[in-house]
Amino acid sequence: MPRKAAARVKDVPAEAISRHLGARVKQLRSDRNWSLEALAGASGVSRSMLSEIEREQANPTLAVTLRIAQAFGMSLSELIETPGVSSSITVIRHHDRAFHYRSDDHCRIRTLSPLNLEKDVEFYEVELQPGGALRSAPHFEGTREFLTVVKGLVKVESNEDTDTLHHGDSTTYRADVPHAILNAGKGEALVFLVVIYR
């Protein structure tokens, strides 16, 4: 654990860390739509132990906690840092697989906003390979998306409307109707996407 993180955590009562850990594991699992069985398979920690941790009925060993952190693609300190004693700066590392929302041969989506926050705004980095597309069903009424093209040629569809964007172009469009982002070029496309819920 980094020294600063250790310093922030050491004065917190063990019960508070255990309570925070249970809620944190449950939230992270929910964010990924993982069942207890899925987390057990990824971490090597039994389903019953994970259930007890989430219900704050277990005080896991350091080794067990580390395995859970690794299953989420996090460091130990990132998993156990408690609100109010951690830094006011939250960093999402480029290599942190926990923030890779989707990754396949045609499309990779990385969330750039913290997973554990209830928020009205979401921020994503989207990579589209040639021929790749990100198609979405309507979001909640009033939802809009804001998109900036960092690289490549991109076509945006919102219901019946379409437009093509080049490097440096930005757009906003309704996302409470069927919508899509398509790579319209011959090379990789990279965009930053902001979703705002009304």
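Brief remarks follow.
- Filtering region 59-74 to residues that are outside any helix (DSSP H, G or I) and touching a residue at least 24 places away in the same chain (Cβ under 8 Å) leaves 59, 60, 72, 73, 74.
- Among the numbered conditions (1) surrounded by 14 or more Cβ atoms within 10 Å (Cβ to Cβ); (2) more than 20 Å from residue 102 (Cβ to Cβ), the only one that residue 170 does not meet is (1).
FYI, it's all coordinate maths here, none of it is from the lab. Small disclaimer: the values here were computed from a predicted structure and weren't measured. Neighbour counts run over all protein chains shown; Cβ positions are idealised from the backbone, glycine included.
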